[in-house]
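Asker: First the structure, then my questions, so here it is.
Values in this text are rule-based calculations from the coordinates and carry no lab data. Just so we're clear, the structure is a prediction, and the values are computed from it rather than from any experiment. Every residue, glycine among them, receives a Cβ derived from its backbone with ideal geometry; neighbour counts consider all protein chains shown.
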Amino acid sequence: MNCELAHERIVMGAYGELPDDAAHELDRHLATCPECQKEREQLRALKLLVDAYPVQEPDPNLVTRSRLRLEDALDALPPKTWLERFAQRLSNNFASMHAAPLAAALLLLIGAGAGAVAGYHVAQRRAAQESAIAEPTRSAAPIPANPVEVANISSIVRQPDSEQVEVRYNKLVPAEVKGSLDDPAIRQLLMLASENSASDNVHDNSVELLAAECRAGHGCKGAGIRDSLMLALRYDRNAGVRLKALEGLQPYVAEDLGVRDAVLEALLNDSDPHIRTAAINVLEPVDTDTSVRQVLHTVAHSDRNPQIRLVSRQVLSKVPEFQ
């Protein structure tokens, strides 16, 4: 890869638009090209500084009204069957069928075959429903096949001195599941509770357990628990929950640029000075990173909080470039 192509991919990567294979190729190039590596660090620092400006949030009442109107409109739409969607596709392509007789004939044959298959499936579904009505009601499976089916998490209880966790969740009827913290079903429910829970206590417990798993190094992968903690650090309204999320992300700030950026955003934007001070301490092991140094330098000279300025200067005093 040449430097010109690398520059284009650096910009795409900064905004999360770069595919995984291209990102790996870019990383190999950056490992041998100090100039391109410096450009990426400067771009990341600039993006973080731009993100530091507050974004005006929409009025909560407007968001609520819009969401309710959208839900009402979606509920009013009649559900389309597979055959109706197929018929609509046929009508959309009807004009092109005149210019392609062979394609039209094939399409009609496919439609006839699809209709026969759909009729078979309808008959099978009806037979299954009738048999389900005739048979006695069976107990539901303890673990949901899809987390989307879970309405909310009602409680989370960890057994003392044990890895066993009891998670109760609501679907159409209350249900519960028990398992170890490394159980994929338990982890899915904890991540769901950390992102959306009707109970503040359940929400706090889920983030605390996820953070504990990350601190212990128990399979805290970026595509799962780590992402949930970054989401909590960025957007949770409870300062205590944000602090727990920050503590859980601390072991990964050196190896994960996404975690590092989330901690830098907390340093720049969080409303709680204790979390901002904790973010500075978390970033201290990577204070030689260009973007980290730039943000610390900006905070040390222009932040309104004197304690934040002092802690930032103490960290910068250990970095040769800013002595």
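Asker: If neighbour count is taken as other Cβ atoms inside 10 Å, put His7, His203 in order from fewest to most.
Answerer: Starting with the residue having the fewest Cβ neighbours, the order is His7, His203.
Asker: Among the GluC sites (Glu not before Pro) in segment 238-293, which ones are in a DSSP loop with at most 13 other Cβ atoms within 10 Å of the Cβ? Mind listing them?
Answerer: Glu255
Asker: Which of Met230, Met191 has the fewest other C-beta atoms within 10 Å, and how do the rest follow up to the most?
Answerer: Met191, Met230
Asker: Let me spell out the model: positive unit charges on the Cβ of Lys and Arg, negative unit charges on the Cβ of Asp and Glu, origin at the Cα centre of segment 213-286. What dipole size does that give, in debye rounded to 20?
Answerer: I would put it at about 140 debye.
Asker: Hey, another quick one. Please report, in debye to the nearest 20, how large the charge dipole of segment 149-283 is about its Cα centre when each Lys and Arg carries +1 at its beta carbon and each Asp and Glu carries -1 there.
Answerer: 120 debye
Asker: Suppose every Lys and Arg Cβ carries +1 and every Asp and Glu Cβ carries -1, with no other charges. What dipole size does segment 273-323 come out with about its Cα centre, to the nearest 20 debye?
Answerer: Using only the charged Cβ atoms, the result is roughly 200 debye.
Asker: Could I ask something else about it? Could the peptides 296-307, 278-289 be put in order, highest first, of the mean number of other beta-carbon atoms found within 10 Å of their residues?
Answerer: Ranking the peptides 296-307, 278-289 by packing returns 278-289, 296-307.
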